[in-house]
Each structure stands twice: as structure tokens, then as C-alpha cells.
1. Output the helices (runs of 4 or more DSSP H) that fall wholly within the stretch 157-248 and possess 2 or more residues being among the β-branched types (Val, Ile, Thr), or say none.
2. Every residue in the stretch 279-307 that is assigned to a loop (DSSP other than H, G, I, E, B), of a type in the set (A, V, I, L, M, F, W, C) and surrounded by fewer than 20 Cβ atoms within 10 Å (Cβ to Cβ), please.
3. Looking for whichever is within 26 Å of residue 147 (Cα to Cα), buried (at least 20 other Cβ atoms within 10 Å of the Cβ), touching a residue at least 40 places away in the same chain (Cβ under 8 Å) and not hydroxyl-bearing (Ser, Thr, Tyr) here; the options are 47, 103, 85. Which one fits?
4. Restricting attention to the stretch 227-278, which residues are open to solvent by less than 60 Å² (accessible area, probe 1.4 Å), hydroxyl-bearing (Ser, Thr, Tyr) and within 25 Å of the chain's Cα centre (by Cα)?
5. Might you let me know whether the stretch 99-110 holds any residue that is of a type outside the set (A, V, I, L, M) and part of a loop (DSSP other than H, G, I, E, B)?
6. Looking at the stretch 180-199, which of its residues are open to solvent by less than 60 Å² (accessible area, probe 1.4 Å) and within 23 Å of residue 123 (Cα to Cα)?
7. Of all residues in the stretch 308-334, which are in contact (Cβ under 8 Å) with a residue 24 or more places away in the chain, outside any helix (DSSP H, G or I) and open to solvent by 10 Å² or more (accessible area, probe 1.4 Å)?
Amino acid sequence: MADQEVTLMKGNEAIARAAIRCGADAYFGYPITPQSEVIETLAALKPWETTGMVVVQAESEVASINMVYGGAGAGKRVMTSSSSPGVALMQEGISYMAGCELPGVFVNVQRGGPGLGTIQPSQSDYFQATRGGGNGDYQVIVLAPNSVQEMADFVDLAFTLAFKYRNPAMILSDGVIGQMMEKVVLPPMKPRRTEEQIREECPWASIGRVGGRKPNIITSLELRSEEMEKRNLHLQAKYQQIRDNEVRYETQQMDDADYMIVAFGSAARISEKAVEIAREEGIKAGLFRPITLWPFPSKQILEMSKGKKGILVAEINAGQMIQDVRLAVNGSIKVEHFGRLGGIVPDPEEIVNALKEKLL
């Protein structure tokens, strides 16, 4: 592969190609619509022949997340991907990894639910992703791409954050971005780390007594309540550090805006056009796009909301991120919701109409 490659591809394919190029050691996954192209692309590219990256189709989502758990425990850059029902099955393993402070990357290309729902796009896993998803007081770093380019870019970013904080990181996408095609500049090739580099970078990893080092025990179990509390307090302090340092967001036309549209992922992509249409009609609208859904840009939304006449939260769900927006502004400004369900992707005009009906 060339150092830099510009190609037309699907978002799911961008995930797979970026994983190879950013030095991933392994991918463990299971096919499910609308993200099956991730494992299909990896199987077609055969990275085990070029970079040594392991690719395994597990027998289930439960098996794949536990393979990620094991690989992460050895300090490897490992990842998986799935869609909503499959990610639900992975929650126990993700909780275990958070409790053990293990880095790993998970991709959720969301579809509609609950249950098996539909194979069409949705953003209805926001609560699951941003509230931990499994048992216990834990958090997962959540990145929300709104383009195929960001699908590629966020793989390396997710690995970087996961290892920086020894914490699971999720790329929360959806069927729109997973399936649509755009031009992508793929990241430069990064060599996989040597075993010596892994030992230096991951002194916590369980890789045996290599070089005379003592063995590490990786577990989330602690039977003594006082010790478990200490561990939990340590995790909470780490989560605060992430909140302080890793908030990411993007704004468009907010300087003179009277109304603020808050949206993430594909809904933000659609809202860009809604802002354009609104301004053509004389309505000064602007867009605030959270890129990190956790940590959530609460302080930034509060600051941006000052002097505005209202906020419309546009989501492809029944109303989930709106709760975080309302908490951020704490009643200082009117906040309304617009969403579509069942896998229906809204048109920009629908968002503009909702803005008029709910806030003007």
C-alpha cells in the first residue's frame, strides 16, 4: 500500500482499511447488517499475509468480545464491530474490560430497535453507549463520526484514547455512514508494535515472565468492599480526567445564530443542509455537533446557548441526547426535540419545519 491512498469507499470499508493501516493486531467479529462489510473487507484484504494482523470470525458476538478481552489483556491493539443487537450481547465483556482497565476499540453501526428491529439506520443506542451499557459504574469513550473520512480517522483516535486512559473506546456510527460511499484519504501505514514495544508501553499487560518481569493479574473481581470502593474511586477520578481533557465538538454558523441545532453523526450531516435552508428563509440557525458523546460537551453547549432563542435537538430516535442537552443548559433556554423512528432518515426540510413549529 502507498503511504497515502485516496479511494471511494463505504464507511464500513473505511473502518477495515484504517484498522490495518493504524497497526491493529487483531480483529474479532461476527457479521450483522448493516456492518458486515467490515469483516468482509478484512477477509478480502487478508492482512495476516501483509502486516500479520489476525482476523477471526467468531461464533457469536459474545465470543468476539471475549476474544477482544483476552487480546487487550496482552497489551494488543484489538477491536471488534457489530450493530445494535450484537453490541447489546457484548455489554458484559465491555463492562469487564472497563473494570480491568483494558484498552479496546468497538464499532457500533447502529440499526433500529428494540430487539431485532430493522436493518435500517438509527441513533437509538445513544443511551447504551453513553451510560456505560453494562453493569457497574463505568464509562466508555464514545466518538460519533459524521462522514466516511471520520470513520477512517477515528479508528486510530479511538486506539490512542483507549491506550492513553486504559479504557474501552467506541465508535458510534449508524447505517447511513456505514453504507454510504465517499472519497477517503486513508491514514499512513503504521507498523504493528514489536513484543518489546508492547512490554515497554503496557507494563500492566499479562504476558508472562518475559525478561524476568513479574506476572500481572488482570481481573475486575474484588471481594473486599473497601478495596472495591478504592478501585471504583480510582476509575471515577480517571473518568473526570477524560472529561477535563478529551471533549471534542464542531460548530457551524454559530457566531450570529438565533437558533441552535444540536445533532450528532448522520443527523448532524443532515442538519448542515437544514441550517443552510433555514438561513435562505431568513432564520439564523447554527449547528453544534458533539463529536465525543462521552465525554459530552456540556460546558460548551451551555456557553454557545447564551443569547440564543432556542435549541432544537435533531436525532434519529425518540429523544435521547436531548436529555444531556437539557442538563447542560439547566433550564436557561427552551430545548425541543425532532426525531424519526423505525429506520426512517429525515429530510433537511423536516428539521427546518420542526424548528419553525417548536421554536419560532
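1. Numbers: elements: 175-179, 195-201, 225-245.
Correct list: 175-179.
2. Result: 283, single match.
3. Sole residue among the options that is within 26 Å of residue 147 (Cα to Cα), buried (at least 20 other Cβ atoms within 10 Å of the Cβ), touching a residue at least 40 places away in the same chain (Cβ under 8 Å) and not hydroxyl-bearing (Ser, Thr, Tyr): 103.
4. 239, 251, 266, 271
5. yes
6. Within the stretch 180-199, 180, 182 meet the criteria.
7. Matches in the stretch 308-334: 308, 309, 318, 320, 330, 332, 333, 334.
The values are calculated or read from the model by the stated rules, or taken from the named source; none is laboratory data. Every value quoted in this text rests on a predicted model; they were computed, and no experiment measured them. With ideal geometry, Cβ positions are generated from the backbone for all residues, glycine too; neighbour counts draw on all protein chains shown. The area values use the complete protein model at the heavy-atom level, side chains included, leaving out ligands, DNA and RNA. Shrake-Rupley method; radii C 1.70, N 1.55, O 1.52, S 1.80 Å.
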